[in-house]
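Each value in this text was obtained by applying a stated rule to the coordinates, not by laboratory testing. Just so it is clear, the model here is predicted, and its values are computed rather than measured. Here the Cβ is made from the backbone with ideal geometry for all residues, glycine too, and neighbour counts use every protein chain on show.
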Amino acid sequence: MIPLAIPNLKGNERRYLSDCIDTNFVSTIGPFVSKFEQQISAASGFSETVATSSGSSALHTALLAVDVKPGDLVICPGLSFIATANAITYCQAQPWLIDIDKRSWTIDPSKVQEALTTQTFVGVDGLPVHRKTGKRVAAILPVYTLGTPADMDAIVEIASSFHVPIVADAAAALGSTYKGRNLSELGTALTIFSFNGNKTVTAGGGGAVSGNNQKIIDLVRHLTTTARVGSDYDHDRVGFNYRLTNLQAAVGCAQMESLNQYVEKKREIARFYCDAFSDLPGVRPFPKPDYANSACWFSGFVLENGDPSGLRKELRNKGIDARPFWKPLNLQLPFSDAPRANLDVSEYIWSRIVTLPCSTGISDDELGIVANSVRQLILAS
C-alpha cells in the first residue's frame, strides 16, 4: 500500500532520542523542549512559542488565554477537522459555524461580516452578542485548511471592527506564507500548530501555541503547566497537564531541521498531481488562492460529478491509500445543533474530495503509479 501521509524519519531523530535516554531527560523537562519551541518561533516568525501535548490542547489553551468563557460563541468554519470545534467545547463555549470560500476552502470573510452585522448587537463589554442565543461572541477561529492561510487581512479588519480576538488554527500550515508575509504578521492574538503523525513535520504528537504578546504567552505557559506557582505544590487556578515531553520534542527538533525541504516536497507533489490530472473531465485541483503560498499538507483532487467513494475504494484495492476529507461540523452529531449560517459550500465540497498519497518520502515511481491509476479509473468510468 502506498500510504496517504506518513512521517519521514531520515534525519537526526534516532540520535536525539538516544540523547534523551543517555541523559535521562525523557519527561516534560529537558533541553529539546525549549529548542523545539525556538525552532517553531524561528520558522513562523513569532516571538514566543509554548509546546503542548497536542494540537487540541494548544487550541484549548489558546482560546482560554484570549478569554473565551463558558456560554460564549466562537466563530469557526463549517469545514474543519472536528478537533477545532472540540477545543471550543472544552472551554464550555459553542462553535458558530460560518461557510467557507470555495476559492480557498477557508472561512469566508464576507459571510463572517454578514453574520456579525445582521445577527449580533454590542454587549456591555463591547463584544458582539448573538441575538438568537444571547451568547457573547468571544473569538474568531479561522482554520488554515490544507496548510493555506485564510484571507487574514479581511478577517483582521472585521475582527478589529467588532473588537473580537483571533486565534488561528494553523495546525498544518507551518511553512506557509500570506501575501509574502510570515504567519506572525497576520494579526492573530495566538496561532496554534499541530505535530501529529500525519503532519509535514511531526513529533509523534504534540502541538504549539505561538504569539507576540508576552503577557498572553505567559498565561498560556502557566495554564499548560497545571497553573503552578513557584516550586512547591501551589496552584492559583485550574490548569492543565498539557506539557510536551522531551522525547517528543527530540523527534520534533530533528523534523524541524528539514521543514523547508519537506514543505517544498509537499508543493512539488501538489504541482505533480495538478499537472497529471489537468486534462481529466470533471476533475478539479485543490484550491490555490493567489494571496497565499500554501504548505500543501494534503494533495488530491475534487471529483465534480458523482460520488468519489467508489473511486477511492478502487484505488485502495490497487494498493493506493486514497481517502475522503473532513466532514462538515454541522453534520457531526456533537455539533448538529450548533448555531450556523448557510453552509452550502462546505456541504457541497467535502463529499467530492479525494486525498492522495503525499508523504514527503514518496518516490517518483510511486507518484507515477498513483497518477496512472487515477487516470485509468476516471477515463474508464
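Using only alpha carbons, build the gyration tensor for segment 179-319 and give me the equivalent ellipsoid semi-axes, biggest first, whole Å.
Each semi-axis is √(5λ); the values are 39, 19, 15 Å.
Could you state, as a whole-number percent, how many of the C-alpha pairs of segment 1-98 are farther apart than 21 Å?
Tail of P(r) above 21 Å: 55 percent of Cα pairs.
In nm, what is the difference between 0.36 nm times the number of residues separating Lys69 and Leu379 and their Cα-Cα distance?
Full-extension gain reported as 106.3 nm.
For a label point 7 angstrom out from the Cα of Arg14 toward its Cβ, which stretches of segment 191-221 have the backbone nitrogen within less than 19 Å?
202-204
Using a 10 angstrom cutoff on alpha carbons, build the Gaussian network for the chain and name the most mobile of Ser56, Ser278, Ser231.
Ser231
Bins of 5 Å, beginning at zero and ending with the bin holding the largest distance: percent of Cα pairs per bin for segment 262-381, please.
That works out to 2, 10, 20, 22, 19, 14, 8, 5, 1, 0, in percent per bin.
If you take every DSSP beta bridge whose two residues both sit in the chain, what share of them, in percent to the nearest 5, is antiparallel?
Rounded to the nearest five, the antiparallel share is 65 percent.
With n ≥ 4 as the cut-off for DSSP H runs, can you work out [θ] at 222 nm for the chain, using -39500 (n - 2.57) per run divided by the number of residues, rounded to the nearest 500?
Helix-only estimate at 222 nm: -11500 deg cm²/dmol.
Can you give the Kirkwood hydrodynamic radius for the chain, in Å, rounded to one decimal and based on Cα pairs?
Across the chain, the inverse of the average 1/r is 21.4 Å.
Using unit Cβ charges (K, R positive; D, E negative) and no other charged atoms, how large, in debye to the nearest 20, is the dipole of segment 263-381 about its Cα centre?
So the magnitude is around 180 debye.
How many angstrom lie between the C-alpha centres of segment 137-164 and segment 307-381?
About 27 Å separates the Cα centre of segment 137-164 from the one of segment 307-381.
Quick check: pseudo-label points 7 Å beyond the Cα along Cα→Cβ at Lys102 and Arg228, how many nm apart are they?
With each label point 7 Å from Cα toward Cβ, the separation is 5.3 nm.
Have a look at Ala276, Ala51, Ala173 and tell me which one the Gaussian network model of the chain (Cα, springs below 10 Å) gives the largest fluctuation.
In this elastic network of the chain, the residue with the biggest mean-square fluctuation among Ala276, Ala51, Ala173 is Ala276.
Tabulate in residue order the Karplus-calculated ³J(HN,Hα) for segment 346-357, using 6.51 cos²θ - 1.76 cosθ + 1.60 with θ = phi - 60°, rounded to whole Hz; enter x for Gly and Pro.
4, 6, 6, 6, 5, 7, 10, 8, 10, 9, 10, x
Quick one: putting +1 on the C-beta of Lys and Arg, -1 on the C-beta of Asp and Glu, what dipole do you get for the chain around its Cα centre, in Debye to the nearest 20?
Dipole about the Cα centre, nearest 20: 480 debye.
Please sort 116-123, 234-241 by packing, taking for each peptide the average over its residues of neighbouring beta carbons within 10 angstrom, highest first.
116-123, 234-241
Under 25 Å between alpha carbons, and skipping anything fewer than 8 positions from Lys135 in its own chain: which lysines qualify?
Cα-Cα hits under 25 Å: Lys69, Lys111.
Of the listed pairs Lys199/Lys318; Lys288/Lys318; Lys102/Lys288; Lys102/Lys327; Lys199/Lys265, which have alpha-carbon separations greater than 18 Å here?
Lys199/Lys318; Lys288/Lys318
Name all residues of segment 363-381 having a backbone nitrogen under 16 Å from the label point set 7 Å from the Cα of Asp275 along its Cα→Cβ direction, giving them as ranges.
Answer for segment 363-381: 363-372.
Rounded to the nearest 0.05, what FRET efficiency do Gln261 and Lys327 have when you use their Cβ-Cβ distance and R0 = 35 Å?
Between Gln261 and Lys327 the formula returns 0.60.
Round to the nearest 0.05 the FRET efficiency obtained for Phe121 and Lys288 when R0 = 35 Å and r is the Cβ-Cβ distance.
0.35
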